[in-house]
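Accompanying notes for the structure given below.
The values are calculated or read from the model by the stated rules, or taken from the named source; none is laboratory data. In this text, all values refer to a predicted model and were calculated from it rather than measured experimentally. Glycine also receives a Cβ, built like all others from the backbone with ideal geometry; neighbour counts cover every protein chain displayed. Heavy atoms of the whole protein, side chains included, go into the accessibility calculation; ligands, DNA and RNA do not. Shrake-Rupley method; radii C 1.70, N 1.55, O 1.52, S 1.80 Å.
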Amino acid sequence: MRRMGIGLQLYTLRDETKADFPGTLRKVAALGYEGVEFAGYGGLSADSMKELLRETGLQAIGSHVSLQRLREDLQGEINYLKTIGGRYLICPYVADDERRTPEDWKQIIAFFSEVGAEVKKQGLTFAYHNHAFEFEMNIGEEYVFDAIYSGTSPEAVQVEMDVCWVKYAGVDPLAYIEKYAGRLPLLHLKDFNRDEDAIRAFNEKIEQQIGVNLNLRMVTLELGLGEVPLKEVIAAASDAGVEWLVVEQDFSHQNPPLQSVENSMNWVKQNYLSLV
């Protein structure tokens, strides 16, 4: 197997970064993570973030940037990412009201092509991060997931595959990793299960915290504790040319988030890094 970089999607630690962004990045680096993927910058200037990354030794893999920000200030997002030394500008999500029909998706795909061309012109790479809903609608004979990439060039749009959501959607993540080999620089390592008691308890816990029942249908877990065949995923990712394995856990319910990302990193060390 090839040696791929090990990163962390900072959405996992959104509460921690909100309280202390510099301190949280120092802790992430101390756990052995080599890079970080941003989901917001905590109000830090690009120069301050660049210095923080230099201090910690963490690489800026890239950043999740909302559709709204892509529309309103693409240049500002490009400038920030270039300043901190990141490469990948990633759209992480498409809201429900933006994707009700195949025609909605066709407009979004055309927009992705435009954004990707501009991002590439300025020396960066645009990518899209999936959830499960891209497998719940077709455009013609294709899943939306596949239509995104058949409707754009590899130069414009690369794949950031979240294997947890692929598996949850009932699709084989190993087959999809192979299918997009050479166009798949980033892969989200994430695990989950569908334990009904755990889901119910977690939804109740979140409702107590935020006053809204999210009606989650799965529970995200520390690596190695759920349904995703992670060892096989890593081997397939190696064969497919993946550059970064990015650990993510949407919600931590067993342990505090920092403990969860430490446990997941320990799993990566034991089941991958010790073998390469």
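The tail of the calculated P(r) for the stretch 117-276 beyond 24 Å holds 40 percent of all Cα-Cα pairs. Considering all C-alpha pairs of the chain, those separated by over 34 Å amount to 15%. Computed from backbone phi, the HN-Hα couplings of the stretch 88-103 come to 9, 9, 10, 7, x, 5, 10, 5, 3, 6, 9, 9, 7, 9, x, 5 Hz, rounded to whole numbers (Karplus: 6.51 cos²θ - 1.76 cosθ + 1.60, θ = phi - 60°; Gly and Pro given as x).
Amide H to amide H distances under 5 Å link Ile139 with Val144, where only residues 5 or more positions off or on other chains count and H is placed in the peptide plane.
For Arg183 and Ala46, the difference between the fully extended length at 0.36 nm per residue and the C-alpha to C-alpha distance is 46.5 nm. Maximal additional length on extending the Lys106-Asn215 stretch stands at 36.4 nm, based on 0.36 nm per residue less the C-alpha distance. For Gly226, the residues whose modelled amide H falls within less than 5 Å of its own, excluding neighbours fewer than 5 places apart on the same chain, are Phe192. Note on the chain: with neighbouring protein chains present and a 1.4 Å probe, carbon and sulfur make up 46 percent of its accessible heavy-atom surface.
Based on protein heavy atoms only, the stretch 148-250 ends up with 41 Å² per residue of surface accessible to a 1.4 Å probe.
Histogrammed with a bin width of 10 Å, the alpha carbon distances of the stretch 233-276 distribute as 24, 48, 26, 2 percent, first bin at zero. Inter-label distance, Gln68 to Asn266: 3.9 nm, where each label sits 7 Å from its Cα along the C-beta direction. Calculated [222 nm] ellipticity per residue, helices only, for the chain: -14000 deg cm²/dmol; basis is -39500 (n - 2.57) per DSSP H run with n ≥ 4, divided by all residues, nearest 500. Pairs of lysines in the chain whose Cα atoms sit within less than 22 Å of one another amount to 21, provided the residues are eight or more positions apart or on different chains. Okay, which of the stretch 22-49 sit inside 18 Å, backbone N to the point 7 Å along the Cα-Cβ direction of Met1? Within reach of a label on Met1: 32-35.
Each semi-axis of the equivalent ellipsoid for the stretch 32-117 is √(5λ) with λ an eigenvalue of the Cα gyration tensor; in descending order they amount to 28, 12, 11 Å. Applying the Karplus relation 6.51 cos²θ - 1.76 cosθ + 1.60 with θ = phi - 60° to the stretch 8-21 yields 3J(HN,Hα) values of 10, 7, 6, 4, 4, 10, 4, 5, 5, 5, 4, 7, 7, 5 Hz, where x marks Gly and Pro.
For the stretch 129-200, the average shadow cast by the Cα convex hull is 5.3 nm², which is a quarter of the hull's surface.
Of the peptides 171-183, 44-56, the ranking by mean beta-carbon count within 10 Å, highest at the top, reads 171-183, 44-56. Rolled with a 1.4 Å probe across the full set of protein chains, the surface gives Val276 an accessible area near 70 Å². When peptides 82-91, 100-109 are sorted by average Cβ neighbour count within 10 Å, with the highest value leading, the order is 82-91, 100-109.
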